[in-house]
Amino acid sequence: MDENVPLARYTTIGTGGPARWFARPESIDELHDLLAWAHDRRVDVEAIGLGSNVLAHDEGVDALVVKLAGPLAQVELDGEVLLAGGGAANAVCLHLARAAGLGGFEFASAIPGTVGGGVCMNAGAYGREFRDVLLDATVVDHTGVRSVDAAQLDLAYRHSNLGPGAVVARVRLRLETSSTDAVKTRAAELLAQRKATQPTNKRTFGSVFKNPEGSPGAGRMIEQCGLKGHAVGGAVISPRHANFIENAGGATSAQCLELMAAARRQVHERFGYTLEHEVRFLGPLALPEL
Ligand SMILES: Cc1cc2nc3c(=O)[nH]c(=O)nc-3n(C[C@H](O)[C@H](O)[C@H](O)COP(=O)(O)OP(=O)(O)OC[C@H]3O[C@@H](n4cnc5c(N)ncnc54)[C@H](O)[C@@H]3O)c2cc1C
(Lines give C-alpha, C1' and ligand atoms only; values in the text may rest on other atoms or scores of the structure.)
Protein backbone atom coordinates (compact mmCIF):
# COMPACT_ATOMS: atom_id res chain seq x y z
CA MET A 1 0.00 0.00 0.00
CA ASP A 2 1.30 3.45 -0.92
CA GLU A 3 0.61 6.77 0.75
CA ASN A 4 -0.18 10.20 -0.70
CA VAL A 5 -0.51 9.13 -4.32
CA PRO A 6 -1.61 12.00 -6.62
CA LEU A 7 -5.00 11.16 -8.09
CA ALA A 8 -4.53 13.55 -11.03
CA ARG A 9 -2.53 10.70 -12.59
CA TYR A 10 -5.50 8.38 -12.33
CA THR A 11 -8.35 10.60 -13.56
CA THR A 12 -9.11 11.34 -17.20
CA ILE A 13 -9.79 15.02 -16.41
CA GLY A 14 -6.29 15.16 -14.88
CA THR A 15 -7.18 16.90 -11.62
CA GLY A 16 -7.20 15.82 -7.97
CA GLY A 17 -4.90 15.83 -4.96
CA PRO A 18 -3.34 12.83 -3.22
CA ALA A 19 -5.07 9.73 -1.95
CA ARG A 20 -4.10 9.20 1.71
CA TRP A 21 -3.68 5.46 0.96
CA PHE A 22 -3.58 3.81 -2.44
CA ALA A 23 -3.52 0.07 -3.12
CA ARG A 24 -3.56 -2.15 -6.20
CA PRO A 25 -4.84 -5.57 -5.07
CA GLU A 26 -4.37 -8.47 -7.47
CA SER A 27 -6.58 -11.09 -5.84
CA ILE A 28 -9.90 -11.29 -4.04
CA ASP A 29 -8.14 -12.30 -0.81
CA GLU A 30 -5.81 -9.32 -1.01
CA LEU A 31 -8.76 -7.02 -1.75
CA HIS A 32 -10.76 -8.41 1.16
CA ASP A 33 -7.81 -7.97 3.55
CA LEU A 34 -7.46 -4.33 2.48
CA LEU A 35 -11.17 -3.64 2.98
CA ALA A 36 -11.10 -5.31 6.40
CA TRP A 37 -7.99 -3.28 7.31
CA ALA A 38 -9.80 -0.06 6.34
CA HIS A 39 -12.98 -1.04 8.19
CA ASP A 40 -11.04 -1.81 11.39
CA ARG A 41 -9.41 1.63 11.27
CA ARG A 42 -12.57 3.46 10.19
CA VAL A 43 -10.86 4.49 6.97
CA ASP A 44 -13.20 5.27 4.06
CA VAL A 45 -12.74 3.23 0.89
CA GLU A 46 -13.15 4.40 -2.70
CA ALA A 47 -12.69 2.18 -5.74
CA ILE A 48 -11.29 3.71 -8.88
CA GLY A 49 -11.24 2.24 -12.37
CA LEU A 50 -9.86 4.36 -15.18
CA GLY A 51 -11.04 7.50 -13.38
CA SER A 52 -13.20 8.45 -16.36
CA ASN A 53 -16.18 9.60 -14.33
CA VAL A 54 -14.64 11.02 -11.17
CA LEU A 55 -13.72 14.42 -9.80
CA ALA A 56 -11.32 14.27 -6.85
CA HIS A 57 -10.79 17.07 -4.33
CA ASP A 58 -7.72 19.23 -5.04
CA GLU A 59 -6.56 18.90 -1.41
CA GLY A 60 -6.74 15.13 -1.64
CA VAL A 61 -8.93 12.29 -0.49
CA ASP A 62 -8.71 11.03 3.08
CA ALA A 63 -9.46 7.43 2.17
CA LEU A 64 -8.02 4.18 0.91
CA VAL A 65 -8.33 4.31 -2.87
CA VAL A 66 -8.36 0.86 -4.44
CA LYS A 67 -7.45 0.22 -8.06
CA LEU A 68 -7.71 -3.41 -9.17
CA ALA A 69 -4.66 -4.86 -10.90
CA GLY A 70 -3.09 -8.12 -12.16
CA PRO A 71 -5.62 -10.95 -12.50
CA LEU A 72 -8.34 -8.58 -11.25
CA ALA A 73 -7.82 -6.56 -14.45
CA GLN A 74 -7.64 -9.46 -16.90
CA VAL A 75 -10.18 -10.90 -19.31
CA GLU A 76 -10.95 -14.35 -20.72
CA LEU A 77 -13.77 -16.08 -22.55
CA ASP A 78 -15.75 -19.16 -21.62
CA GLY A 79 -17.89 -19.85 -24.67
CA GLU A 80 -20.14 -16.81 -25.06
CA VAL A 81 -19.47 -15.61 -21.52
CA LEU A 82 -16.81 -12.98 -20.98
CA LEU A 83 -15.09 -13.24 -17.60
CA ALA A 84 -13.37 -10.04 -16.59
CA GLY A 85 -11.64 -8.69 -13.53
CA GLY A 86 -13.38 -5.52 -12.31
CA GLY A 87 -10.30 -3.53 -13.28
CA ALA A 88 -10.33 -4.69 -16.92
CA ALA A 89 -10.76 -1.90 -19.45
CA ASN A 90 -13.87 -2.03 -21.64
CA ALA A 91 -11.57 -1.67 -24.65
CA VAL A 92 -9.70 -4.87 -23.74
CA CYS A 93 -12.98 -6.76 -23.29
CA LEU A 94 -14.25 -5.52 -26.63
CA HIS A 95 -10.99 -6.48 -28.32
CA LEU A 96 -11.27 -10.07 -27.09
CA ALA A 97 -14.98 -10.29 -27.96
CA ARG A 98 -14.35 -8.92 -31.44
CA ALA A 99 -11.54 -11.39 -32.10
CA ALA A 100 -13.84 -14.25 -31.06
CA GLY A 101 -16.74 -12.94 -33.17
CA LEU A 102 -18.92 -12.19 -30.14
CA GLY A 103 -21.25 -9.21 -30.14
CA GLY A 104 -23.38 -7.34 -27.62
CA PHE A 105 -20.66 -5.22 -26.00
CA GLU A 106 -20.10 -2.75 -28.86
CA PHE A 107 -22.02 -0.06 -26.95
CA ALA A 108 -19.03 0.20 -24.59
CA SER A 109 -16.55 0.86 -27.39
CA ALA A 110 -16.41 4.57 -26.61
CA ILE A 111 -16.83 4.34 -22.85
CA PRO A 112 -13.27 4.76 -21.60
CA GLY A 113 -13.67 2.90 -18.29
CA THR A 114 -13.38 -0.49 -16.66
CA VAL A 115 -16.08 -3.11 -16.28
CA GLY A 116 -16.11 -2.53 -12.50
CA GLY A 117 -16.77 1.18 -13.06
CA GLY A 118 -19.26 0.24 -15.77
CA VAL A 119 -21.28 -1.92 -13.39
CA CYS A 120 -21.12 0.67 -10.61
CA MET A 121 -22.37 3.40 -12.97
CA ASN A 122 -24.50 1.08 -15.11
CA ALA A 123 -22.69 2.83 -17.93
CA GLY A 124 -24.33 2.79 -21.32
CA ALA A 125 -24.63 4.36 -24.72
CA TYR A 126 -26.77 4.15 -27.82
CA GLY A 127 -29.62 2.28 -26.15
CA ARG A 128 -27.63 -0.39 -24.31
CA GLU A 129 -26.06 -0.48 -20.89
CA PHE A 130 -24.23 -2.85 -18.56
CA ARG A 131 -27.41 -4.30 -17.08
CA ASP A 132 -28.28 -5.69 -20.53
CA VAL A 133 -25.17 -7.88 -20.60
CA LEU A 134 -24.37 -8.52 -16.94
CA LEU A 135 -24.85 -12.12 -15.82
CA ASP A 136 -23.43 -11.48 -12.37
CA ALA A 137 -20.75 -9.59 -10.47
CA THR A 138 -18.51 -10.71 -7.63
CA VAL A 139 -18.65 -7.96 -5.04
CA VAL A 140 -16.23 -7.75 -2.12
CA ASP A 141 -16.62 -5.68 1.03
CA HIS A 142 -15.19 -5.93 4.53
CA THR A 143 -17.71 -8.63 5.44
CA GLY A 144 -16.80 -10.96 2.58
CA VAL A 145 -17.52 -11.93 -1.00
CA ARG A 146 -20.92 -12.26 -2.71
CA SER A 147 -22.25 -12.85 -6.19
CA VAL A 148 -25.03 -10.52 -7.34
CA ASP A 149 -26.99 -9.96 -10.55
CA ALA A 150 -28.26 -6.78 -12.19
CA ALA A 151 -31.55 -6.83 -10.25
CA GLN A 152 -29.79 -7.26 -6.92
CA LEU A 153 -27.53 -4.34 -7.84
CA ASP A 154 -30.64 -2.29 -8.69
CA LEU A 155 -29.02 -1.22 -11.97
CA ALA A 156 -30.88 1.70 -13.56
CA TYR A 157 -29.93 4.80 -15.53
CA ARG A 158 -26.38 5.56 -14.30
CA HIS A 159 -27.24 3.99 -10.96
CA SER A 160 -26.40 0.97 -8.82
CA ASN A 161 -26.84 0.40 -5.11
CA LEU A 162 -23.10 -0.23 -4.57
CA GLY A 163 -21.80 1.69 -1.57
CA PRO A 164 -18.28 3.18 -1.39
CA GLY A 165 -16.82 0.17 0.50
CA ALA A 166 -18.13 -2.41 -2.00
CA VAL A 167 -15.81 -3.31 -4.87
CA VAL A 168 -16.76 -5.18 -8.05
CA ALA A 169 -13.89 -7.65 -8.27
CA ARG A 170 -15.11 -9.75 -11.19
CA VAL A 171 -17.92 -9.75 -13.70
CA ARG A 172 -19.46 -12.22 -16.11
CA LEU A 173 -20.97 -10.71 -19.25
CA ARG A 174 -23.31 -12.58 -21.56
CA LEU A 175 -22.34 -12.02 -25.21
CA GLU A 176 -23.88 -13.39 -28.39
CA THR A 177 -22.61 -15.03 -31.55
CA SER A 178 -21.82 -12.47 -34.22
CA SER A 179 -18.77 -12.08 -36.45
CA THR A 180 -15.51 -10.19 -36.13
CA ASP A 181 -16.43 -7.99 -39.08
CA ALA A 182 -19.90 -7.19 -37.76
CA VAL A 183 -18.53 -6.24 -34.32
CA LYS A 184 -15.79 -4.16 -35.91
CA THR A 185 -18.25 -2.32 -38.16
CA ARG A 186 -20.76 -1.61 -35.37
CA ALA A 187 -18.05 -0.37 -32.98
CA ALA A 188 -16.60 1.88 -35.69
CA GLU A 189 -20.06 3.35 -36.43
CA LEU A 190 -20.64 4.15 -32.78
CA LEU A 191 -17.18 5.71 -32.43
CA ALA A 192 -17.78 7.88 -35.49
CA GLN A 193 -21.13 9.08 -34.10
CA ARG A 194 -19.38 9.88 -30.85
CA LYS A 195 -16.57 11.81 -32.49
CA ALA A 196 -19.08 13.91 -34.42
CA THR A 197 -20.75 15.27 -31.29
CA GLN A 198 -18.43 14.96 -28.29
CA PRO A 199 -14.97 16.25 -27.30
CA THR A 200 -13.33 12.83 -27.53
CA ASN A 201 -9.82 14.24 -27.97
CA LYS A 202 -9.90 16.41 -24.81
CA ARG A 203 -9.41 15.67 -21.14
CA THR A 204 -12.90 15.33 -19.64
CA PHE A 205 -14.74 13.09 -17.18
CA GLY A 206 -17.57 12.26 -19.56
CA SER A 207 -21.09 13.52 -18.96
CA VAL A 208 -21.21 16.03 -16.13
CA PHE A 209 -24.93 15.69 -15.34
CA LYS A 210 -27.56 13.01 -15.85
CA ASN A 211 -30.33 13.86 -18.30
CA PRO A 212 -33.47 14.61 -16.26
CA GLU A 213 -36.47 12.57 -17.39
CA GLY A 214 -38.67 14.46 -19.83
CA SER A 215 -36.10 17.23 -20.33
CA PRO A 216 -34.44 18.22 -23.61
CA GLY A 217 -31.19 16.86 -22.09
CA ALA A 218 -28.64 18.44 -19.76
CA GLY A 219 -26.29 19.42 -22.61
CA ARG A 220 -28.98 21.14 -24.64
CA MET A 221 -30.23 23.11 -21.62
CA ILE A 222 -26.71 24.21 -20.63
CA GLU A 223 -26.08 25.23 -24.24
CA GLN A 224 -29.32 27.26 -24.31
CA CYS A 225 -28.12 29.09 -21.21
CA GLY A 226 -25.28 30.35 -23.41
CA LEU A 227 -22.61 28.51 -21.44
CA LYS A 228 -20.75 26.68 -24.23
CA GLY A 229 -17.12 27.80 -24.03
CA HIS A 230 -17.61 29.42 -20.59
CA ALA A 231 -14.36 29.04 -18.63
CA VAL A 232 -13.16 29.23 -15.05
CA GLY A 233 -9.36 29.09 -15.08
CA GLY A 234 -8.32 26.06 -17.11
CA ALA A 235 -11.77 24.42 -16.93
CA VAL A 236 -14.08 25.04 -19.89
CA ILE A 237 -17.64 24.00 -20.71
CA SER A 238 -16.96 22.15 -23.94
CA PRO A 239 -17.67 24.19 -27.05
CA ARG A 240 -18.50 20.86 -28.71
CA HIS A 241 -20.98 19.42 -26.19
CA ALA A 242 -22.17 21.48 -23.21
CA ASN A 243 -22.56 18.48 -20.88
CA PHE A 244 -18.78 18.01 -20.88
CA ILE A 245 -16.12 20.03 -19.06
CA GLU A 246 -12.69 20.11 -20.68
CA ASN A 247 -9.38 20.56 -18.93
CA ALA A 248 -7.85 23.07 -21.34
CA GLY A 249 -4.63 23.15 -19.30
CA GLY A 250 -3.97 23.52 -15.59
CA ALA A 251 -7.61 23.08 -14.54
CA THR A 252 -8.41 22.24 -10.93
CA SER A 253 -11.31 20.26 -9.52
CA ALA A 254 -12.50 23.45 -7.77
CA GLN A 255 -12.72 25.20 -11.14
CA CYS A 256 -14.69 22.28 -12.62
CA LEU A 257 -17.02 22.43 -9.62
CA GLU A 258 -17.54 26.17 -10.07
CA LEU A 259 -18.58 25.60 -13.69
CA MET A 260 -20.92 22.81 -12.62
CA ALA A 261 -22.53 25.06 -10.00
CA ALA A 262 -23.05 27.86 -12.55
CA ALA A 263 -24.57 25.50 -15.14
CA ARG A 264 -26.84 23.87 -12.57
CA ARG A 265 -28.03 27.22 -11.20
CA GLN A 266 -28.77 28.67 -14.64
CA VAL A 267 -30.57 25.54 -15.87
CA HIS A 268 -32.70 25.57 -12.73
CA GLU A 269 -33.58 29.25 -13.15
CA ARG A 270 -34.36 28.96 -16.84
CA PHE A 271 -35.88 25.48 -17.21
CA GLY A 272 -36.92 24.50 -13.67
CA TYR A 273 -34.94 21.22 -13.73
CA THR A 274 -32.58 20.31 -10.89
CA LEU A 275 -29.54 18.71 -12.51
CA GLU A 276 -28.05 15.73 -10.69
CA HIS A 277 -24.35 15.19 -11.27
CA GLU A 278 -23.38 11.95 -13.03
CA VAL A 279 -19.68 12.40 -12.26
CA ARG A 280 -18.77 10.86 -8.89
CA PHE A 281 -17.06 13.03 -6.29
CA LEU A 282 -14.03 11.73 -4.39
CA GLY A 283 -13.38 13.64 -1.18
CA PRO A 284 -15.41 16.46 0.37
CA LEU A 285 -16.79 18.03 -2.83
CA ALA A 286 -20.38 19.24 -3.04
CA LEU A 287 -22.49 21.53 -5.18
CA PRO A 288 -24.14 24.50 -3.46
CA GLU A 289 -27.87 24.37 -2.64
CA LEU A 290 -30.10 25.89 -5.32
C1 LIG B 1 -14.81 10.82 -23.23
C2 LIG B 1 -15.73 10.10 -22.28
C3 LIG B 1 -16.90 9.52 -22.77
C4 LIG B 1 -17.77 8.86 -21.91
N5 LIG B 1 -18.91 8.30 -22.42
C6 LIG B 1 -19.75 7.64 -21.61
C7 LIG B 1 -20.95 7.03 -22.14
O8 LIG B 1 -21.24 7.08 -23.31
N9 LIG B 1 -21.76 6.38 -21.27
C10 LIG B 1 -21.48 6.30 -19.94
O11 LIG B 1 -22.26 5.68 -19.22
N12 LIG B 1 -20.36 6.85 -19.42
C13 LIG B 1 -19.50 7.52 -20.22
N14 LIG B 1 -18.37 8.09 -19.70
C15 LIG B 1 -18.13 8.03 -18.24
C16 LIG B 1 -17.30 6.84 -17.78
O17 LIG B 1 -16.43 6.40 -18.79
C18 LIG B 1 -18.18 5.68 -17.30
O19 LIG B 1 -18.99 6.04 -16.21
C20 LIG B 1 -17.32 4.47 -16.90
O21 LIG B 1 -18.12 3.35 -16.73
C22 LIG B 1 -16.52 4.73 -15.63
O23 LIG B 1 -15.61 3.66 -15.50
P24 LIG B 1 -14.23 3.84 -14.74
O25 LIG B 1 -13.61 2.53 -14.64
O26 LIG B 1 -13.43 4.92 -15.35
O27 LIG B 1 -14.75 4.29 -13.32
P28 LIG B 1 -14.26 5.54 -12.44
O29 LIG B 1 -14.51 6.77 -13.21
O30 LIG B 1 -12.90 5.28 -11.95
O31 LIG B 1 -15.28 5.45 -11.24
C32 LIG B 1 -16.66 5.78 -11.45
C33 LIG B 1 -17.45 5.24 -10.25
O34 LIG B 1 -17.37 3.83 -10.26
C35 LIG B 1 -16.82 3.36 -9.03
N36 LIG B 1 -15.98 2.20 -9.35
C37 LIG B 1 -14.94 2.14 -10.23
N38 LIG B 1 -14.45 0.89 -10.26
C39 LIG B 1 -15.18 0.17 -9.39
C40 LIG B 1 -15.17 -1.19 -8.96
N41 LIG B 1 -14.29 -2.08 -9.44
N42 LIG B 1 -16.06 -1.57 -8.03
C43 LIG B 1 -16.97 -0.71 -7.53
N44 LIG B 1 -17.04 0.57 -7.89
C45 LIG B 1 -16.16 1.00 -8.81
C46 LIG B 1 -16.03 4.52 -8.48
O47 LIG B 1 -15.91 4.42 -7.07
C48 LIG B 1 -16.89 5.70 -8.91
O49 LIG B 1 -17.98 5.87 -8.02
C50 LIG B 1 -17.47 8.76 -20.53
C51 LIG B 1 -16.28 9.32 -20.05
C52 LIG B 1 -15.42 9.98 -20.90
C53 LIG B 1 -14.14 10.57 -20.35
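The values are calculated or read from the model by the stated rules, or taken from the named source; none is laboratory data. Because the structure is a prediction, the values reported are computed rather than measured. FYI the Cβ positions are ideal-geometry reconstructions off the backbone, even for glycines, and counts take in every protein chain you see. Accessible surface areas use protein heavy atoms only, side chains included; no ligands, DNA or RNA. Shrake-Rupley method; radii C 1.70, N 1.55, O 1.52, S 1.80 Å.
Laid out as a table, the results:
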| item | result |
| --- | --- |
| Antiparallel bridge percentage (DSSP; both residues within the chain; nearest 5) | 75 percent |
| Simple label model, 7 Å out from Cα along Cβ direction - A261 to T274, nm | 1.8 nm |
| The chain: most fluctuating residue of Q255, Q193, Q74 per GNM, C-alpha cutoff 10 Å | Q193 |
| Given charges at beta-carbon only (K, R positive; D, E negative), |dipole| of the chain in Debye | 960 debye |
| Theoretical FRET efficiency, 1/(1+(r/R0)^6), r = Cβ-Cβ of E26 and D181, R0 41 Å, to 0.05 | 0.70 |
| Approximate spin-label separation E80-Q224, in nm, with each point projected 7 Å along Cα-to-Cβ | 4.3 nm |
| Relative contact order of segment 1-136, pairs being alpha-carbon contacts under 8 Å that are 6 or more residues apart, as % | 20 percent |
| Amide H contacts under 5 Å for A63, placed H, 5+ residues apart | R20, W21 |
| Rg(Cα)/(2.2 N^0.38 Å) for segment 104-221, N = residue count | 1.16 |
| Pair-distance profile P(r), taking every C-alpha pair of segment 154-196, with 10 angstrom steps and integer % | 19, 29, 34, 19, 0 |
| Residue-normalised accessible area of the chain, given per residue in Å² at a 1.4 Å probe | 45 Å² |
| Exposed GluC sites (Glu not before Pro) absent - longest run of the chain, DSSP non-H/G/I/E/B, at most 11 other C-beta within 10 Å | 1-212 |
| Accessible carbon and sulfur surface of the chain relative to its total accessible area, %, 1.4 Å | 46 percent |
| Cα-centre dipole for segment 1-137 with unit charges at Cβ (Lys and Arg positive, Asp and Glu negative), debye to 20 | 340 debye |
| q = 0.26 Å⁻¹: log10 I(q)/I(0) that the Debye formula gives for segment 64-141, counting C-alpha atoms only | -1.45 |
| For the chain, calculated [θ]222 nm from helices alone, where every DSSP H run of n ≥ 4 adds -39500 (n - 2.57) | -8000 deg cm²/dmol |
| Cα convex hull of the chain - mean projected area over all directions, nm² | 14.5 nm² |
| Isotropic mean projected area of the C-alpha convex hull, segment 1-146 (nm²) | 8.8 nm² |
| Listed residue (G104, A262, V139) projecting farthest to the positive dipole end of the chain, Cβ model | A262 |
